[in-house]
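Shown below is the structure under consideration.
The values are calculated or read from the model by the stated rules, or taken from the named source; none is laboratory data. Predicted model only: the values in this text are computed from it and were never measured. For neighbour counting, all protein chains shown are included, and Cβ atoms are generated from backbone atoms with ideal geometry for every residue, glycine included. Just so you know, the surface numbers come from the protein's heavy atoms only, side chains and all, with ligands and any DNA or RNA stripped out. Shrake-Rupley method; radii C 1.70, N 1.55, O 1.52, S 1.80 Å.
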Amino acid sequence: MKSESGSSKKNRLLKRIELFDAVGVKTIEDLLYYLPHSYSSRDSLQSIAAFYAKERFKSYESSQSASQSFQAQAVLQGKIAKKKETIVGKNKSMLVFTIADGSGYTVDLIFWNRLEYYKKVYSEGQTILIIGKPTFDKRFHQIQFTHPEIEKVDSDQELYAKNALLPNYSLSMVMRQIGMTMRTVRAIIEETVSYSIEAEKETIPEYIQELWELLPQKNVWQKIHTPSSFADVELGFRSIKFEEIFYFELMIALRKRLITKQSFGRVMNPKSPTARIVVNSLPFELTSSQKKVLNEIVADLGTGHPMNRLLQGDVGSGKTIVALLCVLCVLDNGCQSIFMAPTEILAEQQYHYFEKYCSQFGVTLALLTGSSKTKKRKEIQDIFSSGTPAILIGTHALFEVEYTFPNVGLIVIDEQHRFGVEQRATLRQKCLVVENNKQIVPHMLVMSATPIPRTLSLTVFGDLDVSILQNPPRNRKPIVTKIVYESNLQFSYEFIRAEIAKGRQAYIVFPLVEKSEKIRAKSVEEYFELLQETEFADLRCGLLHGQMKWNEKEATMKAFATNEYDILVCTTVIEVGIDVPNASVMLINNAERFGLSQLHQLRGRVGRGSEQSYCFLATKDISYATNMTEMEFSAKKSLEIRLEAMVDTTDGFKISEIDLELRGPGDILGTRQSGSPHFRITDLVKDVQYIETVRNFAFTLLENDPHLRKPEHEIIRKELQLRFGKDTFIDVA
Ligand code: ADP
Ligand code: MG
């Protein structure tokens with residue numbers, strides 16, 4: 001008999017894949033990535049009694065973890081002890097299977113739909129395997145499964161005949177309604193796997209497979225979907241992860257080489273008399289960390305390669321002065337610098353900061369924002385095109401100008417998470433000049449106050465060198481943080497009042513600008529008036545939010561900075577950069593609505609002077625709420641646990657690690673940050689160590705064979721071109 005041709009096999013498979021449409025599976029590859037949520041084996045089956053004990057523990061645990069749904073599938077096996085149909089309303093009945101396994105406990109399976117089917121197929125005495133999400137009915141002390149996946153087990157031998165381990169997949173309601181069972185899912189996936197064995201091509205050279213103990217790519221899916229042991233599963237996942245990380249890191253290494261080897265940077269003399277004078281005039285001494293970072297940057301400026309450096313430092317760690325000193329060094333070398341700020345308020349604040357230290361030298365200092373007048377814009381254009389040494393501070397408005405900047409030696413990007421990756425590139429492009437057939441691009445210093453966990457900086461910012469401002473200036477005291485319940489807000493009001501009496505100032509933050517029908521949270525507009533008329537009637541309150549006109553915002557901010565207001569009632573517009581050292585207390589309302597990293601940024605607005613500072617995180621009191629469902633209660637509880645992390649530590653790096661674990665990388669990187677790796681299986685948190693070792697391997701490999709010319713690297717070279725296009729992989733002669 002002739003074997004089925006490849007294409008008809010594929011078509012048949014694609015037809016069956018349509019059944020998975022409801023869960024977003026569209027291609028053969030998608031289906032291979034439709035991973036088992038668990039595996040069951042005859043040995044690992046638990047008795048129902050043991051399950052009760054564990055379930056109680058788990059429900060306690062899961063109230064503390066934000067993402068539990070994925071894990072919550074359970075696998076049990078038992079006999080249908082009782083089959084009972086109950087009428088529960090007009091034309092509505094419910095079918096209950098009571099399952100026993102001889103351990104003295106039972107669970108109930110509850111069905112609302114397709115009762116005829118279940119009644120016909122399953123009978124009392126039948127042994128079944130149950131996979132589903134258990135719920136615990138408190139009233140009856142009974143574990144229930146509503147519409148679990150069930151499967152007849154005629155004999156153990158049959159079920160585990162082929163493999164000792166059975167993969168369990170999630171089935172959506174829609175999939176069940178069209179009659180799919182765990183059995184059919186397994187069968188379709190198994191068929192897909194055997195198809196992929198023929199189709200999958202090898203992407204990892206054999207010697208690397210051996211070195212790292214990996215499977216050939218074609219066997220990877222087999223081990224994941226039809227394993228014979230947990231060791232198989234582990235091996236399968238490890239092999240996929242390796243491939244994901246390896247190619248991603250190779251790409252990063254290439255990108256890095258492209259920047260440093262393809263183009264040139266202006267060679268700068270690191271000795272800067274102007275910077276020296278400023279350092280000597282500072283009212284404080286630079287921290288050892290600041291000095292170290294400055295040395296790293298200045299060393300970069302002298303290499304002839306363009307610097308590409310990320311300066312990470314927690315809020316208030318003193319990044320601005322570092323940037324200013326670099327800017328002055330570049331100025332002494334006869335070049336211009338651009339300093340980018342994300343908002344007009346910040347741009348203006350930086351402008352004044354720079355002005356304070358630069359005016360003594362008669363430096364050309366200019367500010368370009370969206371609201372700059374035509375005359376000012378013309379002036380700035382002239383400065384740029386003349387190339388006269390100068391410092392230009394700008395907002396996003398700088399991206400929009402049409403001229404180029406031929407004499408820019410350094411670009412500083414402050415609060416980088418507010419800018420996109422492409423925006424950085426655009427700006428650099430505007431500054432590109434060609435001299436003697438060489439492309440010269442400016443040095444780039446990217447600054448970030450969101451401490452980025454190491455894994456993320458290795459991946460997302462993998463092509464940047466990283467400097468870290470470790471210890472904050474010595475005069476800082478950690479901010480004392482406290483959770484307050486809304487029923488007890490009076491306490492924090494009195495505290496604020498006491499601080500103001502000492503001459504300090506306060507922020508009161510709200511999550512919303514206007515009152516909202518949909519979102520149950522406080523708005524700054526309602527509460528500004530209320531607070532001003534009642535609680536703080538005798539104090540001076542200012543209002544600041546993102547929907548105000550920029551000049552109003554500016555005026556309010558300035559008034560607060562000069563202590564014309566005691567309290568600034570505001571939204572998160574104050575989140576980045578604003579520096580008012582006299583503010584010593586902050587009250588954040590509906591704190592549960594914010595991500596931890598965001599709370600940390602907000603909190604960083606206080607504690608900038610030498611005074612002890614305080615932060616109150618206000619949230620609904622849950623212990624008194626009576627009409628809350630258990631789910632609501634546990635969700636609330638886990639929010640509170642998150643807030644407790646804020647109380648426990650003021651270390652931004654720790655906080656962002658926790659945030660990353662709880663909410664994934666999106667929150668930390670911000671929505672603007674594109675170019676984040678789309679690892680499908682690799683976990684940025686759990687796989688840190690593996691990422692690091694594979695990264696080192698990829699970088700070393702490329703160092704030893706920069707053009708991938710060795711015959712054993714032929715596969716890699718081809719694969720890179722396939723994945724990232726021919727341009728990504730340019731031969732460096
Ligand atoms: P950030 O890193 O958040 O941008 P800033 O650069 O705004 O922090 O610095 C916060 C405050 O700390 C500023 O008022 C700055 O002048 C001050 N500062 C910077 N370096 C030091 C230092 N070494 N000692 C004391 N204060 C410092
Ligand atoms: Mg700053």
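Just to verify a number: FRET efficiency for SER194 and ASP137, C-beta to C-beta distance, R0 = 56 Å, to 0.05? Don't skip to the answer; put the middle values down first.
On the way: r = 43 Å, r/R0 = 0.76.
It comes out at approximately 0.85.
Okay, next question. Go through PHE339, PHE724 and list them by solvent-accessible area, largest first, probe radius 1.4 Å.
Details: PHE339 0, PHE724 65 Å².
So, going from the largest accessible area down, we get PHE724, PHE339.
Normalized C-alpha radius of gyration of region 184-260, against 2.2 N^0.38 Å?
On the way: Rg = 15.0 Å, N = 77, 2.2 N^0.38 = 11.5 Å.
Its radius of gyration relative to the 2.2 N^0.38 Å reference: 1.31.
Note the angle between two axes, namely the Cα long axis of helix 319-332 and the longest principal axis of the Cα atoms of the chain, as a number of degrees from 0 to 90, rounded to the nearest 10.
Helix 319-332 and the main axis of the chain meet at about 50 degrees.
Within the accessible area of region 267-469, what % is carbon and sulfur when the probe is 1.4 Å and the other protein chains stay in place?
Values: 3880 of 7570 Å².
For region 267-469, the apolar C and S fraction of the accessible surface comes to 51 percent.
Right, something else. Tell me, what is the per residue accessible area of the chain in Å², probe radius 1.4 Å? Intermediate values should be presented prior to the final figure.
Numbers: 34330 Å² over 733 residues.
Using a 1.4 Å probe on heavy atoms only, each residue of the chain averages 47 Å².
Can you give me the % of accessible surface on region 535-579 that is carbon or sulfur? Probe 1.4 Å, all protein chains present, nothing else counted.
Numbers: 900 of 1890 Å².
Answer for region 535-579 is 48 percent, counting heavy atoms of protein chains only.
Within straight cross-link reach of LYS84, meaning Cα distance under 22 Å, which lysines are found once same-chain residues fewer than 8 apart are removed?
LYS92, LYS119, LYS120, LYS133, LYS138, LYS152
So, counting K/R as plus one and D/E as minus one, what does the shell of residues with Cβ under 13 Å around ASP651 add up to?
-1
Something else about it: How many Lys pairs in region 480-649 lie less than 23 angstrom apart by Cα atoms, where the lysines are 8 or more positions apart or on different chains?
21
For THR146, project a label point 7 Å along Cα to C-beta. Then give me every residue of region 76-90 with its amide nitrogen under 19 Å of that point.
84-90, by backbone N distance to the label point.
Assuming R0 = 41 Å, what is the FRET efficiency of SER172 and ALA521, from their Cβ-Cβ distance, to the nearest 0.05?
Values: r = 32 Å, r/R0 = 0.78.
Taking R0 as 41 Å, the efficiency between SER172 and ALA521 is 0.80.
Continuing with the same structure: Grab every C-alpha pair in the chain, bin the distances at 20 angstrom width from 0 up to the longest one, and report whole percents.
That works out to 14, 38, 33, 14, 1, in percent per bin.
Next up: May I ask you to compute the full-extension gain from ILE681 to ILE641, defined as 0.36 nm times their residue separation minus their alpha-carbon distance, rounded to one decimal in nm?
Details: separation 40, 0.36 × 40 = 14.40 nm, distance 2.78 nm.
Here the segment from ILE681 to ILE641 would lengthen by 11.6 nm.
Turning to a different aspect of this structure: Would you calculate the separation in nanometres between label points at THR388 and LEU489, each defined as 7 Å from the Cα along the Cα-to-beta-carbon direction?
5.4
Hey, got the Cα dimensions of region 480-649 along the principal axes, in Å, largest first?
49, 36, 29
To continue, here is another question. Which net charge results for the neighbourhood of PHE237, defined as the other residues with beta-carbon distances under 14 angstrom from its beta-carbon, given Lys and Arg at +1 and Asp and Glu at -1?
Taking every Cβ under 14 Å from that of PHE237, the sum is -2.
Moving on to the next point. Using a cut-off of under 14 Å, list every residue of region 425-450 whose amide N is near the label point 7 Å from the Cα of GLU296 along the Cα-to-beta-carbon line.
Under cut-off, by backbone N: 445-449.
For PHE284 and LYS438 in one chain, what is 0.36 nm times their gap in residues minus the Cα-Cα distance, to one decimal in nm? Can you show the working numbers first?
Values: separation 154, 0.36 × 154 = 55.44 nm, distance 4.20 nm.
Result for the pair: 51.2 nm of gain on full extension.
Right, next: Tell me, what is the FRET efficiency for GLU422 and GLU552 to the nearest 0.05, using R0 = 30 angstrom and their Cβ-Cβ distance as r? Intermediate values should be presented prior to the final figure.
Details: r = 31 Å, r/R0 = 1.05.
For R0 = 30 Å, the calculated efficiency reads 0.45.
Next question. Take the Cα of GLU234, step 7 Å along the line toward its Cβ, and report every residue of region 188-221 whose backbone nitrogen sits under 15 Å from that point.
Counting only backbone N, you get 213-215.
Would you list, by chain and number, the lysines whose Cα falls below 26 Å from the Cα of LYS430, excluding same-chain residues fewer than 8 positions away?
LYS256, LYS261, LYS319, LYS373, LYS375, LYS376, LYS378, LYS438, LYS726
Could you calculate the contour length gain from ALA559 to ARG16, that is, 0.36 nm times the residue separation minus the distance between their Cα atoms, to one decimal place in nm? Write out the running numbers ahead of the final one.
Values: separation 543, 0.36 × 543 = 195.48 nm, distance 6.69 nm.
So the chain would gain 188.8 nm between ALA559 and ARG16.
Round to the nearest 10 and give me the degree value, 0 to 90, for the angle of helix 489-501's Cα axis relative to the longest principal axis of the chain.
Relative to the chain, helix 489-501 is tipped by roughly 10 degrees.
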